[in-house]
Amino acid sequence: MKKRILVVNGGGDCPGLNAVIRAIVKRASQENNWEIVGSIEAYNGVLNEPMELKILDEKTVSGIHVKGGTIIKTTNIGGPLAWPIKEKDGSWSFVDRSDELIRKLQYHNFEAVISIGGDGSHKISQVLYEKGCNIVAVPKTIDNDLLATDYTFGFQTAVEIATDAIDKLVTTAESHNRLIILEVMGRDTGWIALHSAIAGGAEICLIPEIPYDLDIIIEKINSRISMGRGFAIIVIAEGAKQKDGILTGKKSETIGYENFRLGGVAITLQEELKKKGVEAQIRTTTLGHLQRGGIPNAFDRILATQFGVKAFEMVLDKKYGEMVAYRHPNIVSVPIKEAIAKYHLVEPQSDMIKTAKGIGICMGDE
Ligand code: F6P
């Protein structure tokens, strides 16, 4: 009988997921007797009745490394630890189905699980591992907020998309002498904002790790205008806020969706600047899910492929409870616990911030 590996991806999608899946299947095909099976929509494919599983063979994965999204679908709603159940009175409660999940995996002869996900998914991976599940983790997210790896795959593609947006906004901002505020994703971190602001040559970059001071931003705008440059590009991360300010967004009404839905901070900043008397015309652009869609760039395809090959080899070596990680120039394995201990934040004293400030980008703090 073939040895089976369940491949599951959870949380938001991200460019490179298909490249990981393809690499796992291709590497497994070089060994005898392995069957790779995908669970449709995270663990729902195993927990739903009837189960929704997809056999992943070389034919199924042929050429998918260039495609965005994921051929096994994903979700960031619910999950095995907090499965939403509608009660008779219409209210919702949440049950822990992790024991049932593990029993089902054993019953269906799964030797191991390769879970591709971000911080939320790997908190689940750690619990499953502690309950005896043979699990290997792969770090994905455009936010780059997982510790223990230099980069997650998907991040570089998102940075490229944001940089391309800045390049386009510069020409229209310059033609009209406008301030254009570009809102990018990143949740509680400013990685996408910081990298794209440097690559695109933005004048101001605001990130969650450095709460901003409006007067400092206005000073920067005025000094630029007095230098004879009548326009400026401000890149703002969705989780940025003023000193003593609050996040812009709303609580989701979707049952089982736990994250606070960030969004709208570009408009918040526009209003703040107008209230403070900034006279220049201001326009806003929110990139949103464009940053997660489309084809992964070459860097992410390569990183995702390295992660997929290594993840399969970690199963061969029984390195369970570990996550594949990129530590330049190596692909290594680290305890999942290390990766989820806290968020990977931009360090305000880091060289990347020094670089940004060194070319005159205002980070909103000085
Ligand atoms: O974590 C990835 C991410 O794209 C964040 O940058 C963003 O805040 C969030 O997911 C959006 O989630 P959703 O797809 O549920 O709108």
With respect to GLU271, is the statement that it is assigned to a helix (DSSP H, G or I), among the charged types (D, E, K, R), more than 9 Å from the ligand (Cβ to nearest atom) and not assigned by TED's automatic domain parsing to the domain that holds THR75 true?
yes
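Select, from ASN144, ASN134, the only residue that is more than 18 Å from the chain's Cα centre (by Cα) and closer than 30 Å to VAL8 by Cα.
Values: ASN144 fails: more than 18 Å from the chain's Cα centre (by Cα).
Testing whether each residue is more than 18 Å from the chain's Cα centre (by Cα) and closer than 30 Å to VAL8 by Cα leaves just ASN134.
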Kindly list, by first and then second residue, each pair from a residue in region 192-220 that is free of Cβ contacts under 8 Å to residues at least 40 places away in the same chain to a residue that is among the polar types (S, T, N, Q), limited to pairs with Cβ atoms under 6 Å and residues at least 6 apart or on different chains.
SER196/THR163; GLY200/THR163
Scan (1) open to solvent by 40 Å² or more (accessible area, probe 1.4 Å); (2) more than 15 Å from the ligand (Cβ to nearest atom); (3) part of a helix (DSSP H, G or I) for the single condition ARG283 breaks and write down its number.
(3)
Taking interchain pairs and intrachain pairs at least six residues apart, which have beta carbon atoms under 9 angstrom, with the first residue in region 57-74 and farther than 15 Å from GLY38 by Cα and the second open to solvent by 70 Å² or more (accessible area, probe 1.4 Å)?
VAL66/ILE295; LYS67/ILE295; GLY68/ILE295
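Taking GLY186, is it surrounded by 24 or more Cβ atoms within 10 Å (Cβ to Cβ) and in a loop (DSSP other than H, G, I, E, B)? Break it down into steps so the answer makes sense when it comes.
Working: surrounded by 24 or more Cβ atoms within 10 Å (Cβ to Cβ): yes; in a loop (DSSP other than H, G, I, E, B): yes.
When the stated conditions are applied, GLY186 passes them.
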Residue tally, condition surrounded by 15 or more Cβ atoms within 10 Å (Cβ to Cβ) and among the acidic types (Asp, Glu), over region 79-124
2
Subset of region 211-244, residues away from the ligand (no atom under 14 Å from the Cβ), part of a loop (DSSP other than H, G, I, E, B) and open to solvent by less than 30 Å² (accessible area, probe 1.4 Å), comes to GLY230, PHE231
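Working only within region 252-262, note down all residues that are within 13 Å of the ligand (Cβ to nearest atom), assigned to a loop (DSSP other than H, G, I, E, B) and either assigned by TED's automatic domain parsing to the domain that holds SER121 or touching a residue at least 60 places away in the same chain (Cβ under 8 Å) (or both). Full working, then the answer.
Just the residues of region 252-262 that are within 13 Å of the ligand (Cβ to nearest atom), to begin with: 252-254, 256-262.
When the remaining residues are screened for being assigned to a loop (DSSP other than H, G, I, E, B), the result is 252-254, 256-259.
Within region 252-262, THR254, GLY256, TYR257, GLU258, ASN259 meet the criteria.
Among the listed residues ALA341, ALA325, which satisfies the condition of being over 24 Å from LEU269 (Cβ atoms), surrounded by fewer than 22 Cβ atoms within 10 Å (Cβ to Cβ) and of a type in the set (Gly, Ala, Ser)? Let's see the steps before the verdict.
Working: ALA325 fails: surrounded by fewer than 22 Cβ atoms within 10 Å (Cβ to Cβ).
So the residue among ALA341, ALA325 that is over 24 Å from LEU269 (Cβ atoms), surrounded by fewer than 22 Cβ atoms within 10 Å (Cβ to Cβ) and of a type in the set (Gly, Ala, Ser) is ALA341.
The values are calculated or read from the model by the stated rules, or taken from the named source; none is laboratory data. Computed from a predicted structure; not experimentally measured. When we count neighbours, we look across all protein chains shown, and the Cβ atoms used for this are built from the backbone with ideal geometry, even at glycine. Just so you know, the surface numbers come from the protein's heavy atoms only, side chains and all, with ligands and any DNA or RNA stripped out. Shrake-Rupley method; radii C 1.70, N 1.55, O 1.52, S 1.80 Å.
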